[in-house]
């Protein structure tokens, strides 16, 4: 009895039943082996690297690991290779129309071009000259005044106290978050903010603590008018660096300093501007004391401080508006 | 013919878990690496320098630093450089990226890292969304992987919506617009990270 080689299988057989059985058997074996074969094909080493500037001979579909198989003469395939070819065919079928990127990965990163096209755009920046000056001033101000004051403050008030102060001020800003969640039709956010405000104002003793998050897992859902305007399609407008307040754009200046501020209870403090600004500055110092070192760390990624802070600010705002 | 159709549909079913498996595989890698890094950070037997070395050794196999450097520079800058400048650029900038990463970790010691989502926007891209969870806030950090041959590697990290590669890319473009390759290298030579922090 000859072995079940291909020749036997494919030749017209004197034993039709046996051939049929063998075929079935082969099919079963093949099916059982397939996961392994697929896995093997998937983890194959990629085609040998091409030189950086080597011209592509012609557009063709290539898949990792095709080279060694293509090099072989037809008819010399082993069972394993047949499995691989089958897998390739299927891969082709699955990814029809796509040129495999690994094949050209040594051409200079063209596959990433689309992704970073936004970074390559020249941004319109009419206020660049003023912004640069103001960035320099703010940077100086941070290290000369804000940072030392906040650091000194940490020696006076322990972290727990500072965190409570921060919680208290955050809780006060509930109207801003609530209104802007509503204005962006984020009912879940508005409800969650309401629940947080209720819990933190009562159980959390006027917002000094945050049991809503700690015990009930209710996270803050911050939204501001700048985001609301962005949500409804208002463009960012030119980038503006404000003294003390830092990077902004026109939309956020309008949103935060003419609209949001009217929902901030501090704005209605009876002590007048002195008390109001005093509270805002204290709030800022307190916040900084909880985030010491972050700005220092951030600005080390800058080769050009203004440009870096501007791009980081705008990218962060775009993300927040999308959320 | 019927059998062929059957076989193909059977194979199609087999393939889908293979594709889905990639996401889980990358997610598992991130989990393992993050845990390893956190362990190094918490290890009191190591001084700061040793910690840094251990952490870099941990992430090196999955971070494609060279790719990150090239992407940050962009093609325009790359073609302007000669072989020597390229080598210098890669070594300076990779060092900078690593130091920047360590610097960020330095700030976050007692925080937890959660992996909140894994998506595969394209066949050869996987984004792992992680969050640094601290007492008062969450910082989103996305590790962006691409398929480098058989291996998934990080080509960009996005922190709070800010892509490291994109910010460097526009800064480099800005420098090269008014200056030369030498100016760019000079800026990198005087690295902001050389001053010890703690």
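Things worth noting here:
- Condition broken by residue B:137, with the remaining ones in (1) in contact with a strand residue (DSSP E or B) (Cβ under 7 Å, 6 or more places away or on another chain); (2) facing chain A (nearest Cβ under 10 Å); (3) surrounded by fewer than 16 Cβ atoms within 10 Å (Cβ to Cβ) satisfied: (1)
- Residue identified as within 7 Å of another protein chain (Cβ to nearest Cβ) and modelled with pLDDT of 90 or more among B:154, B:128, B:165: B:165
- Evaluation of residue B:126 against (1) surrounded by 15 or more Cβ atoms within 10 Å (Cβ to Cβ); (2) out of contact with any strand residue (DSSP E or B) (no Cβ under 7 Å at 6 or more places or on another chain) (one fails), failing number: (2)
- In the condition set (1) without any contact (Cβ under 8 Å) to a residue 60 or more places away in the chain; (2) in contact with a strand residue (DSSP E or B) (Cβ under 9 Å, 6 or more places away or on another chain); (3) under 23 Å from residue A:291 (Cα atoms), residue B:113 is compliant with all but (1).
- When residues of region B:159-174 are limited to those that are touching a residue at least 24 places away in the same chain (Cβ under 8 Å) and under 16 Å from residue B:105 (Cβ atoms), the one nearest to the chain's Cα centre (by Cα): B:164
- Check on residue B:20, surrounded by fewer than 16 Cβ atoms within 10 Å (Cβ to Cβ), more than 10 Å from every other protein chain (Cβ to nearest Cβ), assigned to a loop (DSSP other than H, G, I, E, B) and at pLDDT below 90: no
The values are calculated or read from the model by the stated rules, or taken from the named source; none is laboratory data. Since the structure is predicted, the reported quantities are computational estimates derived from the model, not experimental observations. When we count neighbours, we look across all protein chains shown, and the Cβ atoms used for this are built from the backbone with ideal geometry, even at glycine.
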